[in-house]
Amino acid sequence: MKLRIGILLLALVLSAVAVAGASRDANPPAPGFDEAGSDPRAMELADQVMNAMGGRKHWDEIQTIGWTIFGRTHVWNKWTGDYRLEADTTLVVMNLNSVQGRVWEKGNEVADAAHREEVMKDAKSIWINDSYWLVMPYKLKDSGVTLEYGGEKATADGRAADVLVLTFKEVGDTPDNKYDVYVDRATGLVTQWSYYKTVADPEPRFTLPWTGWTEYQGIMLATGRGRTDVTGIRVSTSDDRAAFAGP
């Protein structure tokens with residue numbers, strides 16, 4: 001009897017190890033992620049967030065995402081890098097990887113190459129900012145990111161959360177930024193974030209909630225950011241050629 005119990009316990013332990021390993025393997029870090037400098041507890045928490053949002057497989061299956069925030073409307077093909085931005089009277093259709101494309105201002109296509117390139121460079125910076133406000137929790141193990149575990153803290157509404165501290169190494173337009181990302185202990189979803197302009201700042205520039213989590217094509221996205229909302233969200237597992245064709 002003791003032998004059978006011992007064998008059963010060993011099987012359960014091995015099964016648990018296999019499941020944990022599978023969970024880690026299901027959400028591999030992007031090339032350039034600072035795995036050596038990141039806290040194992042923080043990386044485990046990042047994987048839990050990914051699972052709570054639908055899992056890496058579903059995220060990778062999504063090809064096109066559209067949304068509006070700060071008065072700017074975006075369509076982004078995750079697979080190809082094709083991108084459409086409508087901001088005030090400016091329309092940009094470009095590829096984020098090559099930073100090549102077309103620009104219209106007040107309905108007229110921009111012919112001047114230097115001005116067109118300047119607008120597209122600005123458009124890419126807008127995409128970096130505005131897409132982070134939408135899909136940051138999917139980018140916790142992105143290239144250049146270092147994750148630290150910030151312990152357990154309460155959100156502004158009093159809910160228990162584990163805190164992920166994100167810093168960056170030579171990535172994006174603002175590599176000196178830091179974020180505290182609050183992961184709800186009950187749901188595994190991000191429910192709050194704090195933004196620091198530099199890692200040396202003693203206090204965040206803002207702390208805002210992440211609310212209105214909703215499922216879109218198998219993935220979860222949050223619509224509320226406290227002082228602003230993300231609207232017009234549309235998610236597809238296919239391409240949207242019409243969006244990248246121009247006006």
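The values are calculated or read from the model by the stated rules, or taken from the named source; none is laboratory data. This is a predicted model, so every value here is computed, not measured. FYI the Cβ positions are ideal-geometry reconstructions off the backbone, even for glycines, and counts take in every protein chain you see.
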Exercise. Check 215, 152 and return the single one that is part of a strand (DSSP E or B), loosely packed, with under 13 Cβ neighbours inside 10 Å and under 17 Å from the mean Cα position of the chain (by Cα).
Key: 215
Self-check item: Single match in 93, 75, 110 (criterion: in contact with a Lys or Arg (Cβ under 6 Å, 6 or more places away or on another chain) and without any contact (Cβ under 8 Å) to a residue 40 or more places away in the chain)
Solution: 110
Quiz item: Within the range 86-94, is there a residue that is under 21 Å from residue 224 (Cα atoms) and not acidic (Asp, Glu)?
Solution: yes
Quiz item: Which residue out of 164, 208 is of a type in the set (A, V, I, L, M, F, W, C), part of a strand (DSSP E or B) and either closer than 27 Å to residue 32 by Cβ or within 14 Å of the chain's Cα centre (by Cα) (or both)?
Solution: 164
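Yes or no, residue by residue, for (1) assigned to a strand (DSSP E or B); (2) out of contact with any Cys (no Cβ under 8 Å at 6 or more places or on another chain); (3) basic (Lys, Arg); (4) surrounded by fewer than 17 Cβ atoms within 10 Å (Cβ to Cβ):
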site	(1), (2), (3), (4)
65	yes, yes, no, no
68	yes, yes, no, yes
74	yes, yes, no, no
85	yes, yes, no, no
94	yes, yes, no, no
117	no, yes, no, yes
122	no, yes, no, yes
129	no, yes, no, yes
135	no, yes, no, no
Quiz item: Among the residues of the range 224-243, is there at least one that is crowded, with 18+ Cβ neighbours inside 10 Å and under 22 Å from residue 45 (Cβ atoms)?
Solution: yes
Exercise. Considering each of 174, 187, 167 in turn, give the residue that is in contact with a strand residue (DSSP E or B) (Cβ under 9 Å, 6 or more places away or on another chain), at pLDDT 95 or above and among the polar types (S, T, N, Q).
Key: 167
Self-check item: Scan of the range 101-115 for residues that are part of a strand (DSSP E or B) and either exposed (fewer than 15 other Cβ atoms within 10 Å of the Cβ) or at pLDDT below 95 (or both), ordered by number
Solution: 108, 109
Practice problem: Would you check if there is a residue in the range 191-208 being under 20 Å from residue 68 (Cβ atoms) and either in contact with a Lys or Arg (Cβ under 7 Å, 6 or more places away or on another chain) or loosely packed, with under 14 Cβ neighbours inside 10 Å (or both)? | Solution: yes
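Residue by residue, here is whether (1) over 23 Å from residue 192 (Cα atoms); (2) more than 21 Å from the chain's Cα centre (by Cα); (3) among the aromatic types (Phe, Trp, Tyr) holds:
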position: 71; (1), (2), (3): no, no, no
position: 74; (1), (2), (3): yes, no, no
position: 78; (1), (2), (3): yes, no, no
position: 108; (1), (2), (3): yes, yes, no
position: 111; (1), (2), (3): yes, yes, no
position: 117; (1), (2), (3): yes, yes, no
Exercise. Working only within the range 160-176, note down all residues that are of a type outside the set (S, T, N, Q) and either surrounded by 15 or more Cβ atoms within 10 Å (Cβ to Cβ) or in contact (Cβ under 8 Å) with a residue 40 or more places away in the chain (or both).
Key: 161, 162, 163, 164, 165, 166, 168, 169, 171, 172, 173
